[in-house]
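Structure first, then comments.
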Ligand SMILES: [Fe+2]
């Protein structure tokens with residue numbers, strides 16, 4: 001009779017009737033000669049005995065880093081499983097199953113991307129916080145304010161609410177309300193005339209993304225001279241700019257968190273991204289009560305836009321730890337509250353989630369830019385007058401599929417955060433699942449899902465693709481794009 005034998009590696013008795021295990025005789029016969037044997041990974045007590053230089057997963061990490069990872073000091077931050085070297089040395093049958101296939105391996109830890117995140121914008125959030133506008137402007141030392149708004153926001157009473165707060169704080173306030181949707185250089189020039197008349201010490205952008213972008217544009221030209229076209233690009237303002245406060249009344253663009261203004265050339269219709277750190281708002285005043293007056297279509301369009309900001313910024317080739325943190329939280333909030341804000345528009349919880357999500361997505365863009373979906377959407381707006389949110393909804397699912405081969409792990413991470421996702425999805429199917437989820441968001445919002453529904457035909461695709469290939473934002477897409485590849489995405493969306 002063969003007595004039960006204790007396995008050295010796991011310390012459990014093994015049955016003699018277990019035919020899956022070799023017999024003692026066979027084990028002896030098949031044993032390699034002593035000099036050919038591999039060193040034991042574990043001693044009887046389970047301690048690691050393998051020499052470091054013969055370790056199968058030896059990496060160029062320094063000794064100190066390996067020691068800290070083994071102790072668990074960096075484990076949680078870096079996503080490394082506990083005792084990585086020890087588990088690797090167990091025989092294959094005894095290795096624990098991988099619980100989180102999307103976690104980075106030790107090798108991937110070498111892809112550490114440097115970044116410079118300099119928070120310039122104070123974020124004040126809460127229902128009713130519009131009443132603090134005057135106090136916040138006073139803290140910045142202002143005595144005269146120019147409030148940039150649009151006629152719809154004035155009609156909704158939000159502009160007056162802000163003016164009352166400013167005047168209560170002893171600040172002389174004037175309104176410029178000639179902002180149009182997708183603001184143009186003509187809007188900026190009219191605003192600069194108003195600014196020269198009232199000589200403000202602070203500018204308040206109170207409204208949607210158009211009002212906030214126009215406020216930035218006015219500030220560029222009022223403080224630095226020239227015309228708006230001179231600031232197309234990054235860091236073109238030589239002189240300091242006036243402090244600004246953003247009071248968003250929509251949850252979408254995230255302009256309140258960014259240093260970029262999107263202004264269209266009134267003649268050429270080119271959409272100019274004008275960015276400068278000095279153009280960042282000093283304060284973003286987030287009051288979800290102001291978003292209650294958004295018409296349902298605006299809620300849908302701005303919501304889809306914010307969702308695209310979270311998804312695109314999470315995978316760009318400029319992504320880093322800071323941008324990923326904002327993208328992830330933005331996506332978590334937006335995917336949880338998008339259906340709610342459409343179905344229960346008066347729910348302040350859903351409104352708050354959308355407004356915070358949109359603002360965090362703006363911070364993510366500030367740190368990692370956007371990708372091919374925005375490059376494809378801009379020509380649709382310029383050539384077919386398709387509004388931004390609708391254009392984004394048409395192309396984003398197809399961009400996710402296009403990027404899927406390179407970004408499946410990151411898309412899988414987003415899926416894990418979405419409440420619509422029940423259980424883990426196979427990591428290779430994550431891009432398709434995420435594309436379906438985004439398309440479902442657009443359908444739920446009543447937005448078209450095919451380009452042909454908006455009058456785009458196959459004959460227009462070469463010209464659209466050529467325009468899309470010139471968009472700066474496309475250079476940040478994780479998978480390189482050119483006119484040919486962008487044309488295939490348009491065709492898929494047709
Ligand atoms: Fe956008």
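Restricting 277, 271 to residues that are in contact (Cβ under 8 Å) with a residue 40 or more places away in the chain, out of contact with any helix residue (DSSP H, G or I) (no Cβ under 8 Å at 6 or more places or on another chain) and over 30 Å from residue 347 (Cα atoms) narrows the list to 277. Considering only residues in the range 407-432 that are within 18 Å of the chain's Cα centre (by Cα) and under 29 Å from residue 454 (Cβ atoms), the one that is surrounded by the fewest Cβ atoms within 10 Å (Cβ to Cβ) turns out to be 418. Determine if the range 373-392 includes at least one residue that is free of Cβ contacts under 8 Å to residues at least 40 places away in the same chain, within 16 Å of the ligand (Cβ to nearest atom) and within 22 Å of residue 448 (Cα to Cα). Within the range 373-392, one or more residues are free of Cβ contacts under 8 Å to residues at least 40 places away in the same chain, within 16 Å of the ligand (Cβ to nearest atom) and within 22 Å of residue 448 (Cα to Cα).
The conditions of being within 16 Å of the ligand (Cβ to nearest atom) and on the phi < 0 side of the Ramachandran plot are not met by residue 346.
Table: residues versus (1) crowded, with 23+ Cβ neighbours inside 10 Å; (2) assigned by TED's automatic domain parsing to the domain that holds residue 355; (3) modelled with pLDDT under 95; (4) more than 16 Å from the ligand (Cβ to nearest atom).
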residue	(1), (2), (3), (4)
255	yes, no, no, no
265	no, no, yes, yes
269	no, no, yes, yes
273	no, no, yes, no
276	no, no, no, yes
282	no, no, no, yes
285	yes, no, no, yes
303	yes, yes, no, no
310	yes, yes, no, no
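Does residue 243 fit the bill of being within 28 Å of residue 333 (Cα to Cα), at pLDDT 95 or above and outside the structural domain of residue 335 (by TED's automatic domain parsing)? No; evaluated as a whole, the condition is false for this residue.
Identification of helices (runs of 4 or more DSSP H) wholly contained in the range 119-201 with 2 or more residues that are over 30 Å from residue 273 (Cβ atoms) yields 133-139, 158-168.
Based on what the data block shows, is residue 363 closer than 15 Å to residue 330 by Cβ and surrounded by fewer than 24 Cβ atoms within 10 Å (Cβ to Cβ)? Here the answer is no, as residue 363 does not meet what is asked. Scanning the range 280-314 for residues that are out of contact with any helix residue (DSSP H, G or I) (no Cβ under 8 Å at 6 or more places or on another chain), part of a helix (DSSP H, G or I) and under 29 Å from residue 136 (Cα atoms) yields a single hit, 298.
The values are calculated or read from the model by the stated rules, or taken from the named source; none is laboratory data. All values derive from a computational prediction rather than experimental measurement. Methodologically, a virtual Cβ is constructed for each residue, glycine included, from the backbone with ideal geometry; neighbour enumeration extends over all protein chains shown.
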